[in-house]
Amino acid sequence: MVTPWFSVLLLVSIVFSCFLAASAGDFYQEFDLTWGDKRAEILNGGRLLTLSLDKASGSGFRSKREYLFGRIDMQIKLVSGNSAGTVTAFYLSSEGPNHDEIDFEFLGNLSGDPYIVHTNVYSQGKGDREQQFYLWFDPTKNFHTYSIIWSPQRITFMVDNIPIRVFNNEESIGVPFPKNQPMKVYSSLWDADEWATRGGLVKTDWSKAPFKAYYKNFNAYSWNSVGTDVWRTQALDATGRRWLRWAQKYHMVYNYCADLKRFPHGRPSECRRSRFL
């Protein structure tokens, strides 16, 4: 098995050429600490943000700006040690009962076990499009970059510039796709030991609290001001498709499209249409 320790440079250069930087860096300027009392902190002159979870409460933050299409990058160092039962969420979301949402959720683990990254896409309040992957590195030792690239044509989830999932717009066959509601960037650290680790069999060990996650180098690239429609059809190149196949072959641990017990009357329409979901 080949381990991708380098970035997909050609893919990144193509993608970045289609973006306009909208915001970068300073957490004071870009985010509000929304819950958790003083468990969320902005440090180092706005260059670092930390979230903390203890038995009383977790914590979270939200962007001041809304985005309608673009690329969102965040470098995150996840909860270290025995993080079983905890979830660190990083996602885009609109508001209301018919909200849209694009999710990364990092499911805590027992010490030495790999982290699982859980992905999902909601449109008009409906999700149930989960894919899960084992990360191929220890995400608690160093910061790693997690990215959402969102266009009217597709959503791409990336880890250290390696695509792990593509969710295509299949509205032509009746599949809702998030494209009309601007979304804010959210992150939270919270207790989900009823389901997060081994289906809830492993509970949170509060003697290890407080649990902490760390954030830096936020970047948002918006397409709203780009005077060209080239980006509307931008897709992965051959190198990106090879990495996508690699991630799905060697690191995927759950795919809703392959869950025949969940869909006994037939898989969702988009699962029959696309090779990469």
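The values are calculated or read from the model by the stated rules, or taken from the named source; none is laboratory data. Since the model is a prediction, treat every value here as computed from it, not as a measurement. In case anyone asks, the SASA skips ligands and DNA or RNA and just uses the protein heavy atoms, side chains included. Shrake-Rupley method; radii C 1.70, N 1.55, O 1.52, S 1.80 Å.
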(Q) From the P(r) of the range 42-200, could you give the percentage of C-alpha pairs in the tail past 26 Å? (A) 26
Q | Computed accessible area, Y134, all protein chains, 1.4 angstrom probe, square angstrom | A | 90
Q) Ignoring ligands, DNA and RNA, what percent of the 1.4 Å accessible area of the range 172-220 is carbon and sulfur? A) 49
Q: Can you send over the carbon and sulfur percentage of the accessible area for the range 27-109, probe radius 1.4 Å, protein chains only?
A: 42
